[in-house]
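The values are calculated or read from the model by the stated rules, or taken from the named source; none is laboratory data. Predicted model, so just to flag it, every value in this text is computed and none were measured. Note that each Cβ is placed from the backbone with ideal geometry, even for glycine, and that neighbours are counted across all protein chains shown.
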Amino acid sequence: MTLLERIATAPISWGVCEMPGWGYQLPVDAVLKEMSATGFTHTELGSLGYLPPEPAQLRAILSQHDLSLLGGFVPLVLHDPSQTQSTREAAIEAAELISSGGGRFFVSCAVSHPDQWRQAPPAEHEWPAVADTLAEVERIAAEHGLIQAFHPHFGSLVETNTEIEQVLRASDTALVLDTAHLLLGGGDVAETAKRYLDRVALVHIKDVNLGIAAQVTAGELSLMQGVQQGLFPPLGQGGLPIAEIVDLLEKSGRDLWYVLEQDAAIAEGDPSAIARLRFDACQSIDFLRSLEPVLAGAGASHKQQNLP
């Protein structure tokens, strides 16, 4: 498959997020219509409960818009042994939905509590519990035919380089390489990609406005405020070496999937929002298309496909 045939999206690129005060939430049909019109063929679930939680309904509404499910993001309490049973039940429920909905990736994220992602970093004695519970989640995902991949995320229980390395040392988990959240956690994205290349199972790709990012990491802006001010511009318009990262990943020869996540927020009553979000997505796609001849010259396959 060509690079452009492996680009998916997610509802958050169209302003959909469960966080209170994030912004206006577009109706499901409007979002899926935009995804399809932009040329995407796959999407992640986004906020649990936004897309239909019943598999047949989920498949039906995606099919209406010529879309398929790629996977789903699942926040889980991994560090607290007293929560193991409830975490297991939540993982089974999510895995059944993702699998029955036609997805292939179970994207796990470690949180202090489903409604409060980061209360305090895990204590030293809690890291073995993280690894053990993550292994159980991976087993559940595999039983449902899914690839489990762990997602370090700014504001979650695992966000910094040190915390990421704790998880990767203590477990055999595969990794979601989220270019922006690695940067916000203080990491060198290209270096992390090189170091853990063989463990990357899925890529969440977005660029970053470094000035706004500095305000977010300094605590001057919340993540939501940063997004509302343009934290994640179209690919190639921020400060991350996206071309270098994609080149490295593509040379691995594994046909990795990329989820184009340009976290966005829509102001209530903004009539230009939908057109702007589609334009931003098209700019990112155009940037990735510009890389294909270079990748083809390095030995990657290259052919035109239907993304605009």
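For the stretch 104-138, a residue qualifies if it is outside any loop (DSSP other than H, G, I, E, B) and either at pLDDT below 90 or among the polar types (S, T, N, Q) (or both), and the qualifying residues are Ser108, His113, Gln116, Glu124, His125, Glu126, Trp127, Thr133.
Rundown of residues vs (1) under 16 Å from Gly238 (Cβ atoms); (2) in a helix (DSSP H, G or I), yes/no style:
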position: Gly187; (1), (2): yes, no
position: Ala193; (1), (2): no, yes
position: His204; (1), (2): yes, no
position: Val208; (1), (2): yes, no
position: Ile212; (1), (2): yes, yes
position: Gln215; (1), (2): yes, yes
position: Gly219; (1), (2): no, no
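Residues in the stretch 142-178 that are under 12 Å from Thr192 (Cβ atoms) and assigned to a loop (DSSP other than H, G, I, E, B) were compared, and the one that is farthest from the chain's Cα centre (by Cα) is Thr160. Selection of the stretch 170-182 for residues being touching a Ser or Thr at 6+ places or on another chain (Cβ under 9 Å) and closer than 15 Å to Phe232 by Cα yields His181, Leu182. Contact map, the stretch 76-90: first residue over 14 Å from Ala123 (Cβ atoms), second residue in a strand (DSSP E or B) and small (Gly, Ala, Ser), Cβ cut-off under 6 Å, separation 6 or more or different chains; pairs are Leu76/Ser108.
Applying a threshold of 8 Å to beta carbon distances and a minimum spacing of six or more residues, or different chains, the list of pairs starting in the stretch 239-266 at a residue that is part of a strand (DSSP E or B) and ending at one that is of a type in the set (Ser, Thr, Tyr) reads Val259/Thr9; Leu260/Thr9; Leu260/Ser13; Leu260/Ser284. The condition of being more than 20 Å from Asp280 (Cα to Cα), free of Cβ contacts under 8 Å to residues at least 40 places away in the same chain and among the small types (Gly, Ala, Ser) holds for only one of Ser68, Ser36, that being Ser68. The residue pairs whose first member lies in the stretch 217-238 and is in contact (Cβ under 8 Å) with a residue 40 or more places away in the chain and surrounded by 19 or more Cβ atoms within 10 Å (Cβ to Cβ), whose second member is among the hydroxyl-bearing types (Ser, Thr, Tyr) and assigned to a helix (DSSP H, G or I), and whose beta carbons are closer than 6 Å, counting only pairs six or more residues apart or on different chains, are Pro234/Ser284; Leu235/Ser284.
Would you please name the residue that is modelled with the highest pLDDT, looking only at residues in the stretch 259-285 that are under 20 Å from the mean Cα position of the chain (by Cα) and among the acidic types (Asp, Glu)? Out of the qualifying residues, it is Asp280.
In the set Gln83, Gln64, Gln25, which member is closer than 16 Å to Cys109 by Cβ and polar (S, T, N, Q)?
Numbers: Gln64 fails: closer than 16 Å to Cys109 by Cβ; Gln25 fails: closer than 16 Å to Cys109 by Cβ.
Going through Gln83, Gln64, Gln25 in turn, the sole match is Gln83.
In the set His181, His153, only one residue is crowded, with 21+ Cβ neighbours inside 10 Å, closer than 22 Å to Leu223 by Cβ and in contact with a helix residue (DSSP H, G or I) (Cβ under 6 Å, 6 or more places away or on another chain); that residue is His153.
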